[in-house]
Amino acid sequence: MSAIETPPEQPQSILAPKKPISVLTLIIAAVFGLLFAYFVYQAIANLIELPKSYAAIGLADSVPWAVLVIGLAIPVILYVVAFAIALRRPVLDTVVIFVMALATVAAFGYGIVAIHRVTFDLLIASL
Amino acid sequence: MVGDDEKALSWDEVSDPTHVDSVVEPAPKGVEPASPAVEPAAAVVEPVETPVKPATGSFLLVSYGILGGVVLLYTVGWLLGIRDVVFVSRDTLSAVASTIAQVLAIAAPAIWFGGSFVLTRASKPIVRLLVLLLGLVATIPLPFILLGASS
């Protein structure tokens, strides 16, 4: 091994890699895709159900659409970002990136619920 | 009388200030100018070269320690706050999924902390610190901050 030879870890930055995408990476991405889909499903359910319950108490004009849409966007965006970063990295890194993204989605999911709670309380207080 | 420098050459213990029965009063510790003037100068010059690397190392260690402490506080925040935002699930599948989501949310700060070290193992420390800070933004315990601890 010559001294000039660059170690394999060195060019593994987010941008530079040239390695082909492995099948294993795609399988991991698919498995995590199912887990992310659960959060997308929940966000869609909220998007449909919450306006109904707002309308039921006569607050159809006050539906917090921005919070609902952000709640749907977060799991989708984080999956795409995680996929883009993890694509050509070692398997360990791929799994770690998807777990970090999934944990973030879960955390933001509960954060969104907390924001809903606060905006609803403010809405009730303003009546 | 024998001087301090010549003590080893003398058998006269009475003149030794350290001897119990000595008639000579021991000199006060601070007064002794025994060491030559060269030594303090060397002591000043010496540390200039060595601590350059350990200084960054200890700065990083302290930073990791502080960030790790924040991660612990976040985890406590999640544990205290998450019960307020959990719904009772109707069927078994969503109950299991909800439990997994809760565990993930509570563990999220620690997952980011550990994951940051794994992903940046070949990167510069500044990159690692930035990823760690990003983790603190991404896993902030909003339920606890917005709603407080559930009773």
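The values are calculated or read from the model by the stated rules, or taken from the named source; none is laboratory data. Owing to the predicted nature of the structure, the values given are computational and were not obtained by experimental measurement. Backbone-built Cβ (ideal geometry, glycine too); neighbour counts: all protein chains shown.
Candidates A:29, A:84, A:45, A:66: the one that is under 24 Å from residue B:109 (Cβ atoms) and modelled with pLDDT of 90 or more is A:84. Of all residues in segment A:32-48, which are loosely packed, with under 15 Cβ neighbours inside 10 Å and under 14 Å from residue A:87 (Cα atoms)? Within segment A:32-48, A:33 is the sole residue that qualifies.
How many residues does segment B:55-96 hold that are under 14 Å from residue A:107 (Cβ atoms), β-branched (Val, Ile, Thr) and either at the interface with chain A (Cβ under 10 Å from one of its Cβ atoms) or surrounded by fewer than 13 Cβ atoms within 10 Å (Cβ to Cβ) (or both)? Within segment B:55-96, residues that are under 14 Å from residue A:107 (Cβ atoms), β-branched (Val, Ile, Thr) and either at the interface with chain A (Cβ under 10 Å from one of its Cβ atoms) or surrounded by fewer than 13 Cβ atoms within 10 Å (Cβ to Cβ) (or both) number 3.
Which ones in segment B:97-113 are among the small types (Gly, Ala, Ser) and within 8 Å of chain A (Cβ to nearest Cβ)?
Residues of segment B:97-113 among the small types (Gly, Ala, Ser): B:97-98, B:101, B:105, B:107-108, B:110.
Within segment B:97-113, B:97, B:101, B:105, B:107, B:108 meet the criteria.
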